[in-house]
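None of the figures in this text is laboratory data; all of them are computed from the coordinates on show. Computed from a prediction, not measured in an experiment: that's the story for all the values here. Glycine also receives a Cβ, built like all others from the backbone with ideal geometry; neighbour counts cover every protein chain displayed.
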Amino acid sequence: MQEQVLQTACGAVKGIVKERSILFQGIRYATAERFEYPVPVTHWDGIYDATQQELNCFQYDTFRPEENDTDNFYYEEFRKGRKFQYEENALTLNIVKPLQGENCPVLVFIHGGGHETGTVGELPHGDTEEYAKRGIVYVSIGYRLNVFSLYRSRNYGLYDQMTAIRWIHENIAAFGGDPHHITIMGQSAGAMSVTDLLYTQTLKGIVQGAVMLSGAGMVPKIVKPYTEAESEGFWSEVQERAGVKDEAAFKALPAKEIWEAWYQISRKHNDLHYLQPGIDGTIIPDLPQNVRRAGTDLDIPLIVGVTSQDFMPYLIFELAYGWAKRNAREGRKPVYGFLFDRELPGNRYKAYHASDLWYFFGNMDKCWRPFEKLDYDLSSLMIDYVVNFVRNGDPNGISLPLWSPVTRKHRGFRKFDGESDGYASPFECRRKLWHTFFRDKGPM
């Protein structure tokens, strides 16, 4: 294994030289005490060894390894064959930089997992070289999850993400990246997190664009985020389940007892109010509808999209389309919409929720599915669009089919199916998504 050492503002760091890139794994960007906000890492002693597999934050598989999710579709699809290591506050990130080049645009990815699970290095996205070989520095970030993130609507996980992006802004030049040219990208809960990060002005001037896969748009009022006061009853019930009476005693419990109490009560309620970041007055300063109405969310170019067999396809489309219409109506930055409609080969699950990750990151050689030339060509097209967007805030480029943003006159979403270069109208999207929701819905 060939290694290379870079000098950064924090100290020296050692990565792995690959065929077309240099991979740095598990770089700690911050530290955090339990139920406390993150503190950025500014220095380390000696040479930081970023050649080992990254650590990931506590989640379901941490506390129930005997079950191991082996009957779970996403375990089979995204984790099978990999061993993951966990730590309570594993605030780490992976960086894949081009072999050569300086001032390269930067793409930062925030993984999904319902704010409960997910890792920095899952098979589709963890260490892709596809962006590095196109001259983009790619970063995948980890953040706190479940009870360790969502406790009392204090948004520890969102603060982790914001801290990671700021760390990247301050340190990425040492990895060949341009700190003034950062685009953030998220999928599912990661896309919802990106949406939340756009509600605040704290990343203004740092983030130039955003890509949101299956999770863009305002949370509907029926499942609105709660304030700390509104969530008090739920957290009191969690503490009671854990056998303690106050916050200090709860905070001092072993991590597994904290997680188990939260897991049991959250499943009892099965209420999305408590399973998402809350209104904390800073990152989410107000009810999202009020933030949007006031126009104080970040106004930057966006790519938003949905897969045709998403687990809530119609709702996810309407939220993304609503954002695009609003920007067009108010003369804000362009929003480029897509419908991913490729039926993946291999089993009955086709354009399921997160299936587009294989295509947007090009790690198909790590998937069990018998992908065809059509799939590889479609993946290359989708990655090229994202590369152009990261470079210019516009996905279009030479030799690519035109991708028009949503406007008052043009309302179609670009269709990614590997067979057409056209658009799906709002009517076509809705018809398709209603059909899949009732008759052919993918897995949760």
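The table below gives the values:
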| item | result |
| --- | --- |
| Whole-number percent relative contact order across region 1-132, with pairs defined as alpha carbons under 8 Å at least 6 apart | 28 |
| Calculated Cα Rg over 2.2 N^0.38 Å (choose from [x] 1.11; [y] 0.93; [z] 1.31), label | [y] |
| Highest to lowest packing among 297-303, 217-223, 92-98, scored as the average C-beta count within 10 Å | 92-98, 297-303, 217-223 |
| Förster radius 51 Å - calculated FRET efficiency between H410 and D45, Cβ distance, rounded to 0.05 | 0.35 |
| Fraction of beta bridges assigned by DSSP in the chain that are antiparallel (%, nearest 5) | 35 |
| Per-residue ³J(HN,Hα) for region 176-187, Karplus 6.51 cos²θ - 1.76 cosθ + 1.60, θ = phi - 60°, Hz, x for Gly and Pro | x, x, 8, x, 9, 9, 10, 10, 9, 9, x, 10 |
| Built amide H within the under 5 Å cut-off of G209, gap 5+ | I184 |
| Net charge, G362 excluded, C-beta distance under 15 Å - Lys, Arg +1, Asp, Glu -1 | -3 |
| Computed lengthening from Q7 to K133, 0.36 nm per intervening residue step minus Cα-Cα distance | 43.2 nm |
| Summed residue charge, Cβ within 11 Å of Q276's Cβ, Lys/Arg positive, Asp/Glu negative | -2 |
| Mean Kyte hydropathy of -1.0 or more with a Cα span along the axis of at least 27 Å, helices from DSSP in the chain | 373-392 |
| Value of [θ]222 nm, deg cm²/dmol, for the chain, DSSP H segments ≥ 4, -39500 (n - 2.57) each, nearest 500 | -9000 deg cm²/dmol |
| Per-peptide average of other Cβ atoms within 10 Å, ordering 377-386, 407-416 highest first | 377-386, 407-416 |
| For I22, distant residues with modelled amide H under 5 Å away | K97, L99 |
| In Hz, Karplus ³J(HN,Hα) per residue of region 301-307 (6.51, -1.76, 1.60; θ = phi - 60°; x = Gly, Pro) | x, 9, 10, 10, x, 8, 9 |
| Estimated vicinal HN-Hα couplings, Hz - region 409-415 in sequence order (Karplus 6.51, -1.76, 1.60; Gly, Pro = x) | 9, 10, 10, x, 9, 4, 9 |
| Modelled FRET efficiency - R0 22 Å, E33 with T202, Cβ distances, 0.05 increments | 0.55 |
| Cross-link reach list, lysines versus K83, counting only Cα pairs under 16 Å and skipping chain neighbours closer than eight places | K366 |
| Of every Cα-Cα pair in region 211-343, the percent that sits beyond 17 Å | 67 |
| Around T202: net Lys/Arg minus Asp/Glu count, Cβ-Cβ under 14 Å | -2 |
| Rounded Å value of the spacing that divides the Cα centres of region 313-379 and region 56-121 | 20 |
| Gyration tensor (alpha-carbon) shape descriptor, region 1-40, a/c threshold 1.5 | prolate |
| Highest to lowest packing among 43-50, 362-369, 194-201, scored as the average C-beta count within 10 Å | 194-201, 362-369, 43-50 |
| Semi-axes of the equivalent ellipsoid for region 146-224, Cα gyration tensor, largest first, Å | 24, 15, 11 |
| Cα-based convex hull volume of region 352-420 per residue, rounded to whole Å³ | 116 |
